[in-house]
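Asker: I am attaching a structure below and will ask some questions about it afterwards.
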């Protein structure tokens, strides 16, 4: 990483980011040689990323052809406003993670159910979604698991006075992003 001071060294912070971000972006190698990026919902568990998908389509074709993937998730934290005197003071404060790994299409029924439970626990933590997944839905739902090989976090929490406010916001579980002046 070129800007090494922005690297997140604490793996727990990166994992928290993965557990709180609602949307990640999957990068695959397209059949035409161009990278392909798709936004998706995901769950992190024990060094793996899980997501559900259709069993057919561009994503699945790309993974079958070349299972090397990249995955990105980010958390916008605050927008710092520019001033009349200096619009260049405007900046965005954030945390992000870039993952490299290999994607595998999951066929094992128990692992599919595990992945779906991880997704439900993340997106509907209050429960209320019933016990068993209907068999007909399991049959038509694709599950992909990314085995993480490399995971690098990056953050910009601002300078002096902004950093203090940002850290307070992060500790307080406030709706993000916020605006700072």
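Asker: Go through the stretch 80-127 and report how many residues are touching a residue at least 60 places away in the same chain (Cβ under 8 Å), crowded, with 16+ Cβ neighbours inside 10 Å and in contact with a strand residue (DSSP E or B) (Cβ under 6 Å, 6 or more places away or on another chain).
Answerer: Residues meeting the conditions: 12.
Asker: Limited to the stretch 149-173, what total is found for residues that are under 23 Å from residue 24 (Cα atoms) and crowded, with 17+ Cβ neighbours inside 10 Å?
Answerer: Within the stretch 149-173, residues that are under 23 Å from residue 24 (Cα atoms) and crowded, with 17+ Cβ neighbours inside 10 Å number 9.
Asker: While we're looking at this one, here's another question. Would a scan of the stretch 67-79 turn up a residue that is over 19 Å from the mean Cα position of the chain (by Cα), within 20 Å of residue 20 (Cα to Cα), assigned to a strand (DSSP E or B) and at pLDDT below 95?
Answerer: Looking through the stretch 67-79, at least one residue is over 19 Å from the mean Cα position of the chain (by Cα), within 20 Å of residue 20 (Cα to Cα), assigned to a strand (DSSP E or B) and at pLDDT below 95.
Asker: Residues in the stretch 118-145 that are within 17 Å of the chain's Cα centre (by Cα) and either over 19 Å from residue 56 (Cα atoms) or assigned to a loop (DSSP other than H, G, I, E, B) (or both): how many?
Answerer: Qualifying residue count for the region: 7.
Asker: Still on this structure: If you take the residues of the stretch 146-181 that are in contact with a helix residue (DSSP H, G or I) (Cβ under 7 Å, 6 or more places away or on another chain) and either in a strand (DSSP E or B) or closer than 23 Å to residue 57 by Cβ (or both), which of them is modelled with the lowest pLDDT?
Answerer: 178
Asker: Another question, then. Among (1) touching a helix residue (DSSP H, G or I) at 6+ places or on another chain (Cβ under 8 Å); (2) part of a helix (DSSP H, G or I), there is one condition residue 18 misses while meeting the rest; what is its number?
Answerer: Residue 18 satisfies all of (1) touching a helix residue (DSSP H, G or I) at 6+ places or on another chain (Cβ under 8 Å); (2) part of a helix (DSSP H, G or I) except (1).
Asker: Working carefully through the options 105, 63, 49, find the one that is modelled with pLDDT of 95 or more and in a helix (DSSP H, G or I).
Answerer: Of the residues listed, the single one that is modelled with pLDDT of 95 or more and in a helix (DSSP H, G or I) is 63.
The values are calculated or read from the model by the stated rules, or taken from the named source; none is laboratory data. Fair warning: this is a prediction, and the values are worked out from it, not measured in the lab. Every residue, glycine among them, receives a Cβ derived from its backbone with ideal geometry; neighbour counts consider all protein chains shown.
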